[in-house]
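Step one of this worksheet: look at the structure below.
The values are calculated or read from the model by the stated rules, or taken from the named source; none is laboratory data. The structure displayed is predicted, hence computed values, not measured ones. With ideal geometry, Cβ positions are generated from the backbone for all residues, glycine too; neighbour counts draw on all protein chains shown. Please note that ligands, DNA and RNA were not included when accessible areas were found on the heavy atoms of the full protein model with its side chains. Shrake-Rupley method; radii C 1.70, N 1.55, O 1.52, S 1.80 Å.
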Amino acid sequence: MTKNESLHPRDIKEVILGDHWLSIEEVVAVARYSAKVSFTAAYRSRVKASRGLIEKFLQEERVIYGVTTGFGSNVTEVISKDDAEILQRNIVRSHAVSVGEPLEKEVVRAIQLMILNHLGHGFSGVSLEVLELMAGLLNHDILPVVPGDGSVAYLSPEAHIALVLMGEGRAWYKGELLSGCEALEKAGLKPVTLGCKEGLALLSGTTSVTAFAALALYNAIQAVKTADISGAMSFESLKGTIKAFDPRLHAVKKHEEQNKTARNLVRILHGSQIAEQFKEYRLQDALSLRCIPQVHGAVKKVLKNALENLMNEMQSVSDNPIIWPEGDDGIALSGGNFDSSYVGMDADAMCIAMANLAKNAERRIDRLVNHHVSELPNFLVVNPGLNNGYMIPQYTAAGLLNEIRVLSHPATIDNVSTCANQEDVVSFAYFAAKKAYQISKKLQYILAIELMLGTQALDFYESLNPSPVTGKVHQFIREKVPTVQEDRFFHPDIEIIYQHIQEGEIVILVEELIGEIH
């Protein structure tokens, strides 16, 4: 049902909406790598048919929420069909009130793609002209300025994007910050006048939540695979006993992800002279080494569950009301499909899962630099004292972990009534997904630090070879980050490895050698 999921997102040059389930790889391709967006004939046909219905309803002056009524608790106010355009313009202008620093480019682009995806199912009544302009923003690299704070689950971030479609708001184009109208004009595009229901449809839905969650989940999947690699390197350099990964041990624990993670570690460490030399060195290791399959496996299970729900959400219509066709006619059905609880609760669970991955990686980092347990030079430098070596990167990991722990408090358990108690329960899924995205990047930094330290630790094993796989990773990192002989500016080293993690290059390198990391 999905397409392009086996490709790296940077290799996907175009995403065609309409005939298949959108994959998270395609979301990343558009958001991070600026893939073009287009529509199939079926997409266009569905949109046109739905638009025809809503215009029919307007002319018949049917009572439809957000079309011939006000919004929220103003639902009791009847709006004339002659004021349909004013009503839609007003909802966009009045709802564009999020504040704070603008969202990152890839997040804004992901939200735009989610809007196109869910409105293209043909149950929302939006015109093809509006959706083509939204795709035009993506394809011409026009970036709406979207303040990132102050959403309970939807509305405000989307409204800032919709302003640009109207020629209002602000947007970046070719390095210039312009008014929405100027940005469109310079790109050869024209603003639209939103018709009945279009402002409401652009704003109402799970689009920003799902966009954040998709990016966070993609990062988290890359991170947990990377953690298997970095964990194996730390395990190897800390003289771990590979007997902890004996398949018989894991066969009695009925969790598929744990079993597969143990096999990943065995495959990564296969052929290691270091692991062979020290397999009887200790009866059992510290939990951060011994329990890698159990912890990483549990994280993978959470991410697997989140992926299933996210895929379903991306294939869903999260509008209100929906326009349901019935022969030559149809009906507007009001409900609550804009609620983001599925994705929000999964995002909170992802935060907790990533926090567990981070806390184990940080403990391995500490063991690598702590000569009391590592049996390696203090802070992994030959001449400690004069040199601090990798003393402070562990502080960085600890600081990041503290931030992750605070961000892991669930957002979706909270509630504040809004809209004169008409919207008396809100999901707060926006912040759940936003903090999952934030955590995913902090986690990748912690793993970058672990890889940096694990590579340095292996340098001290001159008479014993690492496994062919960890040896290749060591070589890959050493081509970018030289061995530490004395103190230097370490920040660029961390950033280099972080970028390779985010690009998935270390995972690709290992999977070329052993097959898929499960």
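Condition test on SER124, is it within 28 Å of ASP329 (Cβ to Cβ), among the polar types (S, T, N, Q) and buried (at least 22 other Cβ atoms within 10 Å of the Cβ)? Against the criterion (within 28 Å of ASP329 (Cβ to Cβ), among the polar types (S, T, N, Q) and buried (at least 22 other Cβ atoms within 10 Å of the Cβ)), SER124 qualifies.
Can you pull out the strands (runs of 3 or more DSSP E) entirely within the stretch 116-218 that have at least 2 residues that are hydrophobic (A, V, I, L, M, F, W, C) and over 21 Å from the mean Cα position of the chain (by Cα)?
Details: elements: 147-149, 170-173, 176-179.
Ranges flagged: 170-173, 176-179.
Search the stretch 417-439 for residues being within 23 Å of THR76 (Cβ to Cβ) and assigned to a loop (DSSP other than H, G, I, E, B), and hand back the single one that is least open to solvent (accessible area, probe 1.4 Å). Before the answer, list the steps.
The first filter runs over the stretch 417-439 and keeps only residues within 23 Å of THR76 (Cβ to Cβ), leaving 417-426.
Retained after the next criterion (residues that are assigned to a loop (DSSP other than H, G, I, E, B)): 417, 419-422, 424-426.
Numbers: SER417: 55, CYS419: 49, ALA420: 92, ASN421: 98, GLN422: 105, ASP424: 77, VAL425: 108, VAL426: 16 Å².
Residue satisfying both the conditions and the ranking: VAL426.
Can you say whether SER374 is farther than 23 Å from TYR461 by Cβ, open to solvent by less than 40 Å² (accessible area, probe 1.4 Å), in contact with a helix residue (DSSP H, G or I) (Cβ under 7 Å, 6 or more places away or on another chain) and in contact (Cβ under 8 Å) with a residue 24 or more places away in the chain, as far as the supplied structure shows?
Values: farther than 23 Å from TYR461 by Cβ: no; open to solvent by less than 40 Å² (accessible area, probe 1.4 Å): yes; in contact with a helix residue (DSSP H, G or I) (Cβ under 7 Å, 6 or more places away or on another chain): yes; in contact (Cβ under 8 Å) with a residue 24 or more places away in the chain: yes.
It is false that SER374 is farther than 23 Å from TYR461 by Cβ, open to solvent by less than 40 Å² (accessible area, probe 1.4 Å), in contact with a helix residue (DSSP H, G or I) (Cβ under 7 Å, 6 or more places away or on another chain) and in contact (Cβ under 8 Å) with a residue 24 or more places away in the chain.
Of all residues in the stretch 215-232, which are open to solvent by less than 10 Å² (accessible area, probe 1.4 Å) and either touching a His at 6+ places or on another chain (Cβ under 8 Å) or over 13 Å from LEU265 (Cβ atoms) (or both)? Break it down stepwise before answering.
If we filter the stretch 215-232 for residues that are open to solvent by less than 10 Å² (accessible area, probe 1.4 Å), which is where we start, we get 215-217, 219-220, 223-224, 226-232.
Listed by number, the residues that qualify are LEU215, ALA216, LEU217, ASN219, ALA220, ALA223, VAL224, THR226, ALA227, ASP228, GLY231.
Is it the case that some residue within the stretch 15-28 is closer than 21 Å to TRP324 by Cα, open to solvent by less than 60 Å² (accessible area, probe 1.4 Å), at pLDDT 95 or above and not hydrophobic (A, V, I, L, M, F, W, C)? Checking the stretch 15-28: at least one residue is closer than 21 Å to TRP324 by Cα, open to solvent by less than 60 Å² (accessible area, probe 1.4 Å), at pLDDT 95 or above and not hydrophobic (A, V, I, L, M, F, W, C). Scanning the stretch 379-414 for residues that are out of contact with any Cys (no Cβ under 7 Å at 6 or more places or on another chain), surrounded by 18 or more Cβ atoms within 10 Å (Cβ to Cβ) and either free of Cβ contacts under 8 Å to residues at least 40 places away in the same chain or under 30 Å from SER341 (Cβ atoms) (or both) turns up PHE379, LEU400, LEU401, ILE404, ALA411, THR412.
Looking for whichever is modelled with pLDDT of 95 or more and either surrounded by 19 or more Cβ atoms within 10 Å (Cβ to Cβ) or touching a strand residue (DSSP E or B) at 6+ places or on another chain (Cβ under 6 Å) (or both) here; the options are GLY175, GLY150, GLY169. Which one fits?
Values: GLY175 fails: either surrounded by 19 or more Cβ atoms within 10 Å (Cβ to Cβ) or touching a strand residue (DSSP E or B) at 6+ places or on another chain (Cβ under 6 Å) (or both); GLY150 fails: modelled with pLDDT of 95 or more.
Sole residue among the options that is modelled with pLDDT of 95 or more and either surrounded by 19 or more Cβ atoms within 10 Å (Cβ to Cβ) or touching a strand residue (DSSP E or B) at 6+ places or on another chain (Cβ under 6 Å) (or both): GLY169.
Scanning the stretch 225-252 for residues that are among the hydroxyl-bearing types (Ser, Thr, Tyr) and under 17 Å from VAL299 (Cβ atoms) yields THR226, SER230, SER234.
Condition first: of a type in the set (Val, Ile, Thr) and either in contact with a Cys (Cβ under 7 Å, 6 or more places away or on another chain) or open to solvent by less than 80 Å² (accessible area, probe 1.4 Å) (or both). Now tell me which residues in the stretch 83-116 satisfy that. Walk me through it before giving the result.
Narrowing the stretch 83-116 to residues of a type in the set (Val, Ile, Thr): 86, 91-92, 97, 99, 107-108, 111, 115.
Scanning the stretch 83-116 gives ILE86, ILE91, VAL92, VAL107, VAL108, ILE111, ILE115.
Criterion applied to GLY336, GLY344 was being out of contact with any Pro (no Cβ under 8 Å at 6 or more places or on another chain), at pLDDT 95 or above and not hydrophobic (A, V, I, L, M, F, W, C), and the one residue passing it is GLY344.
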